[in-house]
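I have placed the structure first, in the form of C-alpha cells, so that the comments after it can refer back to it.
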Amino acid sequence: MTESNARPKRIAINTGGGDAPGLNAVIHSTVLSALNLGWEVVGIQKGYEGLFSSDGLIPLGRSSVHDIARLGGTILGTTNRGNPLAWPQPQPDGSVRLVDRSGEIVKAFRKRDLDALVAIGGDGSLRIAAELHEKGLPVVGVPKTIDNDLAATDITFGFHTAVQTASDAVDKLRATAQAHERVMVVEVMGRHTGWIALYAGLAGGADAILIPEIPYEPEAVAQRIRDRYQEGPRYSIVVVAEGAHARGGEPVFKAKGEPGANPRYGGIAEVVAGFLEEATGFETRALTLGHLQRGGQPTAYDRLLSLEFGAAAVDLIRDGCFGCMVALRSPGIEAVPLSAAVEEVKSVPLDGQVVRTARRLGISFGD
Ligand code: F6P
C-alpha cells in the first residue's frame, strides 16, 4: 500500500458473512463518494476469496453501481466461511485444516497497489478486519447484520428490513390462524439475540414473544394462550427467536456447522408448537421464516442508513482513521474502534422501552 499523494487513492470493498438488505446501498454510496473524490474503486469478490484469484477483483465505476442501492443481496458475493486467519484447507486424507492466510492478504494488497479496504460485515467479519488491521492492513469497517447484535452501533442496516419481512409474515398468518382457530408459532432469525423476534412480534401483535435473553417457562406460555382463547377471538400467534430456549433447557440446532463456521440454529418453533398443542389442546402449527428475512429490497430506512454508512466509510479513509468502523450514534454517524465493535454481543435489554411496551400490552415473554 504505497502512501503516495501523486496518484489517486485506490480502495477496495468486500462484503462478508450473511447477506443483508442494504449491502448494495453501502457499495453504491462508497463507490460514488470515492469516485467523487477522484479515487478508484475495486470490489473483492466473495469476502477475501477474490484476493486469492487472478480475476477476483472487479473495477467498480458509476455504471457498475448506478441503480443497485434498492437491491437486496450483494453484487460482490459473500461467504460465511471466508476467515483468512482460519482458512479451511482440504487435506489429502479428506480432513480440513484451518490455515492463517492473512500474510497473503497484506501482500496481495501491496501487489495490487491498494490503499485501503472497506470491509462490510457482521461481528465475525469485523473481528477479522480488526485482526487484519493489527497485521498492517489499512481497513475501515461498516457494521452489517439483520440480527442488530453489534453493541457499538445503535442499529445495523438490514435489521429494519428483516423486521418488516417478519411482521408482514405475522400479518399474513392471522387469517389462517383465525380460520382454523389455531396457534401459529413463527420462528425468526437473530442468532444469539431476540431483536427481530421482539420488534416483529410487537409490531405484528403477537400474543407471546420468546427470545434467548428470557429463557421461557413452557407452562407460562401455555397459560397465555389459554387466556387468549378465553378472551377471543380464538386463535393465537407466537413469535420465537431461533436462539430461544426453555428455562434450564438448551437452544435447538439444525447443524453444528463446518470447521470455521457458526453452528446453525433451527427447530425451536416445532418444539414450542408441539408443547403448546399438548398443553392447551388447541391445534398448533409451526413455520420458520428462515432466509426470507435476509432477502427483499431494503426499506427506505435501511437504504438511508446504508448510504450514510458508505459515505462515512470513505471519510474514515480520507482522514486516515484505519482500524475504525462507522457507527450510528443517534443522531449522527461516528467512528468507533473496530476492537470496540466486536467486544460484546448487543442483547435485548430486559428493562428496555420495547420490552416494557410489549409487557404493558399483555404480551407474554414466557416468564
Ligand atoms: O447473522 C445473520 C443470520 O441470518 C442469522 O440470523 C442466522 O442464524 C444466520 O445468519 C444463518 O446463517 P446461514 O446463512 O449461514 O444459514
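The values are calculated or read from the model by the stated rules, or taken from the named source; none is laboratory data. In this text the structure is predicted, and so the values were computed from the model without any measurement. Here the Cβ positions follow ideal geometry from the backbone for every residue, glycine too, while neighbour counts run over all protein chains shown. These accessible areas exclude ligands, DNA and RNA; they are computed on the full protein's heavy atoms, side chains included. Shrake-Rupley method; radii C 1.70, N 1.55, O 1.52, S 1.80 Å.
At-a-glance table
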| quantity | calculated |
| --- | --- |
| Å² of accessible area per residue within the stretch 160-295, as computed with a 1.4 Å probe and no ligands counted | 42 |
| Zone of ARG359's modelled label, taken as backbone nitrogen in the stretch 173-202 under 12 Å from a point 7 Å along Cα→Cβ | none |
| Karplus (6.51, -1.76, 1.60) ³J(HN,Hα), θ = phi - 60°, over the stretch 300-306, in Hz, Gly and Pro reported as x | 4, 4, 5, 5, 4, 4, 5 |
| Per-residue ³J(HN,Hα) for the stretch 160-169, Karplus 6.51 cos²θ - 1.76 cosθ + 1.60, θ = phi - 60°, Hz, x for Gly and Pro | 4, 5, 5, 5, 4, 4, 5, 6, 4, 5 |
| Cα→Cβ-extended label distance, 7 Å offset, between ASP154 and GLU344, nm | 2.0 |
| Shape call, the chain: gyration tensor on alpha carbons, a/c limit 1.5 | prolate |
| Built amide H within the under 5 Å cut-off of ALA86, gap 5+ | ARG101 |
| Which of ASP93, ASP123, ASP302 is most accessible, then next, and so on - probe 1.4 Å | ASP93, ASP123, ASP302 |
| Label-to-label distance, nm, for residues given as LYS254 and LYS107 (7 Å Cα→Cβ offset) | 3.9 |
| Integer Hz, Karplus 6.51/-1.76/1.60 couplings in order for the stretch 55-62, x for Gly and Pro | 10, x, 10, 10, x, 10, x, 4 |
| With Cα atoms, 0 to 90° folded angle of helix 218-231 axis to the chain main axis | 60 |
| Cα-based shape type of the stretch 1-126, given that a ≥ b ≥ c are square roots of the gyration tensor eigenvalues and the cut on a/c is 1.5 | oblate |
| Angle in degrees between helix 268-280 and the longest Cα principal axis of the chain, rounded to the nearest 10 | 10 |
| Förster-model FRET efficiency, 56 Å R0, GLU181 and VAL99, C-beta, rounded to 0.05 | 0.45 |
| Folded to 0 to 90 degrees: helix 102-111 orientation relative to the chain principal axis, Cα | 40 |
| Amide H contacts of LYS9 (H built 1.01 Å from N, under 5 Å, at least 5 apart or other chain) | GLU40 |
| Proximal aspartates and glutamates relative to LYS9, as straight alpha-carbon distance under 16 Å, when same-chain residues fewer than 8 apart are discounted | GLU40, ASP113, ASP115, ASP315, ASP319 |
| Carbon and sulfur %, accessible surface of the stretch 160-295 computed with the full protein complex present, 1.4 Å | 51 |
| Net dipole in debye of the chain [+1 Lys, Arg Cβ; -1 Asp, Glu Cβ; about Cα centre; nearest 20] | 720 |
| Cα gyration tensor, the stretch 252-367 - rounded (a/c under 1.5), prolate or oblate | prolate |
| Under-5 Å amide H pairs with ARG264, H placed in peptide plane, nonlocal only | LYS254, ALA255, LYS256, GLY257 |
| Distance in nm between pseudo-label sites at LEU304 and ARG329 (7 Å out along the Cβ direction from Cα) | 2.1 |
